[in-house]
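The values are calculated or read from the model by the stated rules, or taken from the named source; none is laboratory data. Keep in mind the model is a prediction, meaning the values are calculated, not measured. All Cβ positions, even for glycine, are placed from backbone atoms using ideal geometry, and neighbour counts span all protein chains on display.
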């Protein structure tokens, strides 16, 4: 039995390589289709469970508790800020020109929410927002 | 391995499958939900009755979503429940019901929902590119290998050692694609001849286009419960009587490729548990893993249902046809139905379940069946999982 | 089996009609070769194929490993195996790793290196290119033929330092 070591660090080599397929094309799914088509028409589409009545935003194909198919509905409830954070650097560590505010927007009593950039107004938890652009992430301003 | 264990009896009472197609619109959780919902419906259970969830899904790199187990948990009913994810490459499909089995057999859970899903269409230009990372990065990858090379090498070795011709192997593709014509979920069902296979595009000699199963999206699910629960919910439970699984090393270059020794270990483990001493006489219907046509023969020999090198002869005699002595892949197998890596093995297990329950519809084999076997295989010539069920 | 199959089938051209999100992942790796493979790569630079032997079971690992996985103990010594061997299996590939078609087939296979013999179930085997043409692959005449490595002029310490294995008889 022996544990023979080479001894010198520089005798150990490394091999460099890149991983990953060329690119990924994700479909948004059945519920995603309804939701994204809704965004194109400036609507927020959610789904309601026929058994327990919970409404999910964005739309889901099924209720996660009752596990049955949900019905797609337009959500008109009040959009408000549930939480937010301020970003100073991008994901590679470079300083941004202007700090960005990202907020989690919830809609009334529904389950779930959407992320948004807040471009105008004093951001504070609980305040209502108006959606300026319907895309992902949303662009909103504080009312 | 001597099973000196005392465990509870475990049965399958529901199963569900989605269409297997090259590309489906649904996101992975939606696919998982479709299959899981059907399994629950057949079992007569609701999600709140399930105590544990087992998820099987092959590399995250296919779907392109990291931590896939957690991502799929939502669609598999795994929210606020005990969830386990398993992964052994292609063998995952049968590892999923095996894992669900020991959750119930140990007494830890009573009702388990087992789900396997794969969405391979997200990776572009072709999901095969993802298989590139299965190779050793230093000693193998610089040669730019394609996954099909390894299968071609194994197939050619098998042909050389036992003196088998391509015509004999092509019969498997013909049989399975024909069986798939009766399967409403199938993607690649067709009525082809040995000539069609031999004239198809040569990919990596000796492997040609019609020797391979197609790339697919799909999901499958099963509801696995303890004996008490099974007897309350159905008159025809299908019992899981034997399980086995093994992993070999990745040094496929340093061992004999013509015989899958890792499968033998897994099969013996399952047979010992199920009390089977002569597999070729005691098993009525089999679903050996067939991502390539020669693989079905290779595995039939590893399962000890045919002697080494003899499977092609038995195939020619019609032993493995739907109306033969040991019908093999009555569902059409991967060659006929499709190959979403993890879901394929579970699809085969579900096919045996339907055969034993008598609900396989047009796929039902002629002879009466009491013992069935499903087998999956995965990784770089490494892993094998076997499950034996009885009605 | 009274279920109706569910799932929405999309053809390639349908992808343009639905909403999709595209993403290109960036994952770069520097794999450390470790003791065994480092020595192996450095050996290739000097036209040598280095293996590692377990004295308990006698098995020689190529590429070398610091432990024997059958006996589960450290391997004992470095051995140099010959750059000659016998073809165990060989194939001809007409597709690249991105599934594109190539005109001239790439011939690859597994070579059982000497010293070893035909009855060995496990042996030092190497996966590499074989200098041959498609016909000789197709008629299965290459099985069992003796081959020797063709080394490149400029070697850098990589498995690619061997151009291919050619038949000697």
Subject >> Complete set of residues in region C:107-119 that are more than 8 Å from every other protein chain (Cβ to nearest Cβ) and closer than 17 Å to residue C:160 by Cβ >> reply: C:107, C:111
Subject >> Condition met for residue C:144 (in contact with a strand residue (DSSP E or B) (Cβ under 9 Å, 6 or more places away or on another chain), modelled with pLDDT of 85 or more and at positive phi) >> reply: yes
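Every residue, every condition in (1) modelled with pLDDT of 90 or more; (2) in contact with a helix residue (DSSP H, G or I) (Cβ under 9 Å, 6 or more places away or on another chain); (3) surrounded by fewer than 19 Cβ atoms within 10 Å (Cβ to Cβ); (4) more than 11 Å from chain B (Cβ to nearest Cβ), yes or no:
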site: C:9; (1), (2), (3), (4): no, no, yes, no
site: C:28; (1), (2), (3), (4): no, no, yes, yes
site: C:57; (1), (2), (3), (4): no, no, yes, yes
site: C:61; (1), (2), (3), (4): no, yes, no, no
site: C:66; (1), (2), (3), (4): no, yes, yes, yes
site: C:69; (1), (2), (3), (4): no, no, yes, no
site: C:79; (1), (2), (3), (4): yes, no, yes, yes
site: C:90; (1), (2), (3), (4): yes, yes, no, no
site: C:101; (1), (2), (3), (4): no, no, yes, no
Original post:
Can you name every residue in region B:292-325 that is under 19 Å from the mean Cα position of the chain (by Cα) and part of a loop (DSSP other than H, G, I, E, B)?
Top reply: B:303, B:304, B:305, B:320, B:321, B:322
Original post:
What helices (runs of 4 or more DSSP H) completely inside region B:13-109 contain at least 2 residues that are under 12 Å from residue B:222 (Cα atoms) and within 14 Å of chain A (Cβ to nearest Cβ)?
Top reply: B:28-43
Original post:
When the residues of region A:119-138 are filtered to those that are outside any loop (DSSP other than H, G, I, E, B) and closer than 23 Å to residue A:41 by Cβ, which remaining residue is nearest to the chain's Cα centre (by Cα)?
Top reply: A:138
Subject >> The listed residue being outside the structural domain of residue A:41 (by TED's automatic domain parsing), touching a residue at least 60 places away in the same chain (Cβ under 8 Å), over 14 Å from residue A:44 (Cα atoms) and assigned to a strand (DSSP E or B), out of A:86, A:101, A:81 >> reply: A:81
Subject >> Hits in region B:241-261 (condition: within 21 Å of the chain's Cα centre (by Cα), within 13 Å of chain C (Cβ to nearest Cβ) and either more than 29 Å from residue B:138 (Cβ to Cβ) or in a helix (DSSP H, G or I) (or both)) >> reply: B:261
Original post:
On the given criteria, is residue A:65 in contact with a helix residue (DSSP H, G or I) (Cβ under 9 Å, 6 or more places away or on another chain), in a loop (DSSP other than H, G, I, E, B) and free of Cβ contacts under 8 Å to residues at least 60 places away in the same chain?
Top reply: yes
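Here's the yes/no breakdown for (1) over 22 Å from residue B:250 (Cα atoms); (2) in contact with a strand residue (DSSP E or B) (Cβ under 7 Å, 6 or more places away or on another chain); (3) assigned to a helix (DSSP H, G or I); (4) in contact (Cβ under 8 Å) with a residue 24 or more places away in the chain:
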{"position": "C:6", "(1), (2), (3), (4)": "yes, no, no, no"}
{"position": "C:18", "(1), (2), (3), (4)": "yes, yes, no, no"}
{"position": "C:21", "(1), (2), (3), (4)": "yes, yes, no, no"}
{"position": "C:35", "(1), (2), (3), (4)": "no, no, yes, yes"}
{"position": "C:41", "(1), (2), (3), (4)": "no, no, yes, yes"}
{"position": "C:57", "(1), (2), (3), (4)": "no, yes, no, no"}
{"position": "C:64", "(1), (2), (3), (4)": "no, yes, no, yes"}
{"position": "C:79", "(1), (2), (3), (4)": "no, yes, no, yes"}
**OP:** Take residue A:70 and decide whether it is closer than 30 Å to residue B:50 by Cβ and at pLDDT 90 or above.
**Re:** yes
**OP:** Confirm whether residue C:86 is more than 12 Å from chain B (Cβ to nearest Cβ), on the phi < 0 side of the Ramachandran plot, part of a strand (DSSP E or B) and touching a strand residue (DSSP E or B) at 6+ places or on another chain (Cβ under 7 Å).
**Re:** yes
Original post:
Looking at (1) buried (at least 20 other Cβ atoms within 10 Å of the Cβ); (2) in contact with a strand residue (DSSP E or B) (Cβ under 9 Å, 6 or more places away or on another chain); (3) within 14 Å of chain C (Cβ to nearest Cβ), which is the only condition residue B:213 fails?
Top reply: (3)
Subject >> Those residues of region C:120-135 which are over 14 Å from residue C:59 (Cβ atoms) and free of Cβ contacts under 8 Å to residues at least 60 places away in the same chain, in sequence order >> reply: C:127, C:128, C:129, C:130, C:131, C:132, C:133, C:134, C:135
Original post:
Looking at (1) in contact with a helix residue (DSSP H, G or I) (Cβ under 9 Å, 6 or more places away or on another chain); (2) within 30 Å of residue C:71 (Cβ to Cβ), which is the one condition that is false for residue C:117?
Top reply: (1)
